[in-house]
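*Asks:* Here it is: the structure, laid out below.
Read the figures in this text as sums done on the coordinates, not as results from a lab. Just so it is clear, the model here is predicted, and its values are computed rather than measured.
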């Protein structure tokens, strides 16, 4: 039991960290795209 648990936990942590990083990265890229759009819109209006 301890052997399989020792193999499962690091794998689970790696998946969790990978998913978290992916989520944070996607969130940041969406915010950047949104900011760029806002800049273009404000440039057109001024």
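*Asks:* Can you tell me the length gained on complete extension of the stretch residue 14 to residue 36, counting 0.36 nm per residue apart and subtracting the Cα distance?
*Replies:* Between residue 14 and residue 36, full extension yields an extra 4.6 nm.
*Asks:* Tell me the angle of helix 2-45 to the major Cα principal axis of the chain, expressed in degrees between 0 and 90 and rounded to the nearest ten.
*Replies:* It works out to around 0 degrees.
*Asks:* What is the pair-distance distribution P(r) of the chain, computed from all Cα-Cα distances in 10 Å bins starting at 0, with each bin given as a whole percent?
*Replies:* 24, 23, 19, 15, 11, 6, 2
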